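Down below is the structure, laid out as structure tokens.
The values are calculated or read from the model by the stated rules, or taken from the named source; none is laboratory data. Since we're looking at a predicted model, the values are computed, not measured. Methodologically, a virtual Cβ is constructed for each residue, glycine included, from the backbone with ideal geometry; neighbour enumeration extends over all protein chains shown. All accessible areas refer to the heavy atoms of the entire protein, side chains included, with ligands and DNA or RNA removed. Shrake-Rupley method; radii C 1.70, N 1.55, O 1.52, S 1.80 Å.
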Amino acid sequence: MLKTIADDATSEVIEKKSRFIANIFYVESLEEAEEKIKQIKKKYYDARHNCFAFNIYNENGNISRFSDDGEPSGTAGAPMLAILNAQNLSNVLVVVTRYFGGILLGTGGLVRAYSEATKQAIENASIIEKDYGIICNYTVLYEDLEKIKYYFKQENIKMVDFNYAENVEITVEITEEKYQKILENIENLNFKILNVEKTKKAFIILSNNVE
């Protein structure tokens, strides 16, 4: 299980005429993080610095990186990463862009500004919990649709799509543990599963909010 953000967010801090613009993103891979950093550098091409920090968790472990992007060592990326770690946030990238205002801030002032911009961006994002699970399709009869929907709601299994054809195919985000529970108790359920198909592994939101 991991804590992360549900959506991208921004914040801006002004410190002695320097602008610090923070952009925070949800990312699942090193390549995705690098692409976001590239996009920010292109967007703020005229800025003095684009400092970043990220934590990415996947099946192979955790990847953490940061960059001061020309600021004095330890004044930008490292404190930004420390904030992500202190809040136990994973699969999160934060990039803080600085437009220099003409007044030197000193190392302490830089740490405070980059840290504050990061904190505010996190506050502007929604914090959620995710777990490593699977996207799965369950096919049922129309007469069993309400029964399986009720079951998924009770088990906090998120339904993300419905395909109405000869039968009903429901796409869900489900943990491996709950997937196995259904298989083990399939004979005791009050609805019939015609077919079940795993489509891919994914980080899934632990939620019972169902449309």
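General remarks:
- When restricted to residues that are open to solvent by less than 20 Å² (accessible area, probe 1.4 Å) and over 27 Å from the mean Cα position of the chain (by Cα), region 161-181 contains 1.
- Residue that is modelled with pLDDT of 95 or more and within 21 Å of Ala202 (Cβ to Cβ), where the choices are Phe66, Phe25: Phe25
- Residue check for Tyr45: among the hydroxyl-bearing types (Ser, Thr, Tyr), touching a residue at least 60 places away in the same chain (Cβ under 8 Å) and open to solvent by 10 Å² or more (accessible area, probe 1.4 Å): no
- Positions within region 80-124 being of a type in the set (Gly, Ala, Ser), without any contact (Cβ under 8 Å) to a residue 40 or more places away in the chain and within 18 Å of Arg19 (Cα to Cα), in sequence order: Gly106, Gly108, Ser115
- Residue list for region 1-26, filter: under 27 Å from Asp131 (Cα atoms) and touching a helix residue (DSSP H, G or I) at 6+ places or on another chain (Cβ under 8 Å): Ile5, Ala9, Thr10, Ala22, Asn23, Ile24, Phe25
- Check on Asp144, of a type outside the set (Lys, Arg) and without any contact (Cβ under 8 Å) to a residue 24 or more places away in the chain: no
- Test result for Lys200, among the charged types (D, E, K, R) and assigned to a helix (DSSP H, G or I): no
- The residue of region 151-160 that is least open to solvent (accessible area, probe 1.4 Å), among those that are of a type outside the set (S, T, N, Q) and in a helix (DSSP H, G or I), is Phe152.
- A count restricted to region 179-199 and to residues that are of a type outside the set (A, V, I, L, M) and in contact (Cβ under 8 Å) with a residue 40 or more places away in the chain stands at 8.
- Criterion violated by Glu28 - all others in (1) open to solvent by less than 20 Å² (accessible area, probe 1.4 Å); (2) in a loop (DSSP other than H, G, I, E, B) satisfied: (1)
- Filter pass, Phe162 being modelled with pLDDT under 95 and among the aromatic types (Phe, Trp, Tyr): no
- Given (1) without any contact (Cβ under 8 Å) to a residue 60 or more places away in the chain; (2) aromatic (Phe, Trp, Tyr); (3) surrounded by 15 or more Cβ atoms within 10 Å (Cβ to Cβ), number of the condition Phe20 does not satisfy: (1)
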